[in-house]
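Participant: Sharing a structure below in structure tokens format, with a few things to ask.
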Amino acid sequence: MNPQSVTSRRNFLKLSAALAAGCALAQAGGCSAGAGESSYAETAALRYWSQRRKGELSDFEYLVMCASLAANPHNTQPWRFRLFQDRIEVYADRERNLGAADPQRRMLLMALGCAVENMTVAATQLGYRSRVELDAGQRFALDGHCATVWLAAGFPRRHPWFEALFRRQTTRSPYSPEPVAETFQRDLDRLCDFPGIALSWYRSPSQGLAVGELVRRSARTFVADAAGYRDGMEWFRLTRDQWERRGDGIAIFTSNAPWYVKQYVEWFSDRQDLQGEMFSEGELAHVDEVSSATPLWCLVWSMQADADARVRGGRMVERVYLEAAGRGLAVQPLCYPTEVPAMAAESRHVLGLTAGAEPLLLLRIGRAPLLEKSVRREIREVIV
């Protein structure tokens, strides 16, 4: 390729990277929904999104399948499950992490909480009574064990969030300015019954401006951190074949970028481009766009910083996702304010938290068209 064509290619990518950055760094939660289920049910890596019946799977295997549809950072799917006659033990796959982009493994622990919440929803639907025991303290450091879900036979009951398991998504696009009904906020406040976990909401124009500016400043601080940005982009899959074959990671295909941008990125970009200014500038442009097009912000936070609290916080994050999906609302985490240490003091001030509290995840909520789903690994790969 001659130098002129290289320059043209890079200029095109640089201009279009803002559209491609929907899959960019520091977006926790990896599944964007598609407009038609038949299109993604045909692909092995996407078929679980349409499997509303257990089929040939055992009950506990189906619970693991539903758990694997949970939100998680960069679609790392950092979980393993051990099945027993009366329980399922949940472990962290500690090799599947974001490195310097998640140095305290806070997002990893929250992902496990999201998976546990999905499991309890599916258990009710299948006729099991579930009880969750957390043990993400010393056990997490020892062998990655974080939780045990005890299961006892009961009677099948329709769970109001069961259908939402398959509709839940991370929607990386601008949202409609239409206000989100206050009943959504009030209902979730009632559902936040985990010890030490709380929700804060930001819906007024002045609050939205302040939170949006915090997100934009945090994003720029994060992108300037070469180590964190590099480790996060390790999970970016350039081609659809690689993405579906690996069954994990983020890709441009779940963004709202035009088809020609997706095609160009797949055909002509390379790993070197991922670390270059075209993608970082595109990510910042994307953050600027979506943070100014958000009618409601929600912060999930903990009254203290410990591993079990982060798992409980993850369960609450998944409840926000599922309740939103049930109401036709879109959700996208913007993790920059909670994951950039240099912004900790400013984040606490803007978000209204005291010194002892730990912000866990900032979510933007609104209405937007559904996008393509993201891939999932085979459940045989996550069952110990």
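Participant: What does the net charge come to around Thr124 if you take all other residues with beta carbon closer than 15 Å to its beta carbon, with K and R at +1 and D and E at -1? Present the calculation step by step, with values, prior to reporting the outcome.
Facilitator: On the way: positive: Arg52, Lys54, Arg129, Arg131, Arg157, Arg158, Arg315, Arg319; negative: Asp59, Glu117, Glu163, Glu318.
Cβ neighbours under 15 Å give a net charge of +4.
Participant: Karplus couplings for segment 62-75 from phi (6.51 cos²θ - 1.76 cosθ + 1.60, θ = phi - 60°), rounded to Hz, Gly and Pro as x?
Facilitator: For segment 62-75, the Karplus curve yields 5, 4, 5, 4, 5, 4, 6, 7, 6, 5, 6, x, 6, 6 Hz.
Participant: Where does helix 307-326 land angle-wise versus the long Cα axis of the chain, in degrees 0 to 90, nearest 10?
Facilitator: Approximately 80 degrees, to the nearest ten.
Participant: Let me ask you something else. Any idea what the dipole of segment 294-384 comes to, in debye rounded to 20, about its Cα centre with Lys/Arg Cβ at +1 and Asp/Glu Cβ at -1?
Facilitator: Result for segment 294-384 is approximately 320 debye, rounded to the nearest 20.
Participant: Quick one: helix 205-223 against the long Cα principal axis of the chain, what's the angle to the nearest 10°, folded into 0 to 90?
Facilitator: Between helix and principal axis, roughly 70 degrees.
Participant: Where does the chain land at 222 nm, in deg cm²/dmol rounded to the nearest 500, when only DSSP H runs of n ≥ 4 count, each adding -39500 (n - 2.57), divided by all residues? Please list the in-between numbers first.
Facilitator: Values: 16 runs with 170 residues, N = 384.
For the chain, the value works out to -13500 deg cm²/dmol.
Participant: Which FRET efficiency value, to the nearest 0.05, do you get for Ala152 and Arg245 by plugging their Cβ-Cβ distance into 1/(1 + (r/R0)^6) with R0 = 41 Å?
Facilitator: Calculated value: 0.55.
Participant: Using 7 Å Cα-to-Cβ label points, what is the Ser204/Arg52 separation (nm, one decimal)?
Facilitator: Result for the modelled spin labels: 4.2 nm.
Participant: Choose one answer from Glu117, Glu244, Glu318: the residue with the largest mean-square fluctuation in a GNM of the chain with alpha-carbon springs under 10 Å.
Facilitator: Glu244
Participant: Near Gly328, within a Cβ-to-Cβ distance under 14 Å, what is the net charge of the other residues, with Lys and Arg +1 and Asp and Glu -1?
Facilitator: So the environment of Gly328 carries a net charge of +1.
Participant: Note down the net charge around Ile250, summing +1 for each Lys or Arg and -1 for each Asp or Glu among other residues with Cβ under 10 Å from its Cβ.
Facilitator: Working: positive: Arg172, Arg237; negative: Asp248.
Here the charged neighbours net out to +1.
Participant: Any idea what angle helix 106-126 forms with the longest principal axis of the chain, computed on alpha-carbon atoms, 0 to 90 degrees, nearest 10?
Facilitator: Around 50 degrees separate the two axes.
Participant: Moving on. Which one of Ala307, Ala227, Ala101 has the biggest mean-square fluctuation once the chain is modelled by GNM with Cα springs under 10 Å?
Facilitator: The residue that fluctuates most here is Ala227.
Participant: Please work out the FRET efficiency for the pair Glu163 and Thr183, using the Cβ-Cβ distance as r and a Förster radius of 22 Å; give the result to the nearest 0.05. Spell out each step's value before the answer.
Facilitator: Values: r = 19 Å, r/R0 = 0.88.
For R0 = 22 Å, the calculated efficiency reads 0.70.
Participant: Also, I was wondering about something else. Among Arg245, Arg230, Arg186, determine the one that fluctuates most according to a GNM of the chain built with springs between C-alpha atoms less than 10 Å apart.
Facilitator: Among Arg245, Arg230, Arg186, the largest GNM mean-square fluctuation belongs to Arg186.
None of the figures in this text is laboratory data; all of them are computed from the coordinates on show. Keep in mind it's a predicted model, so treat the numbers as computed, not measured. No Cβ is skipped: glycine too gets one built from the backbone with ideal geometry, and neighbour counts run over all protein chains shown.
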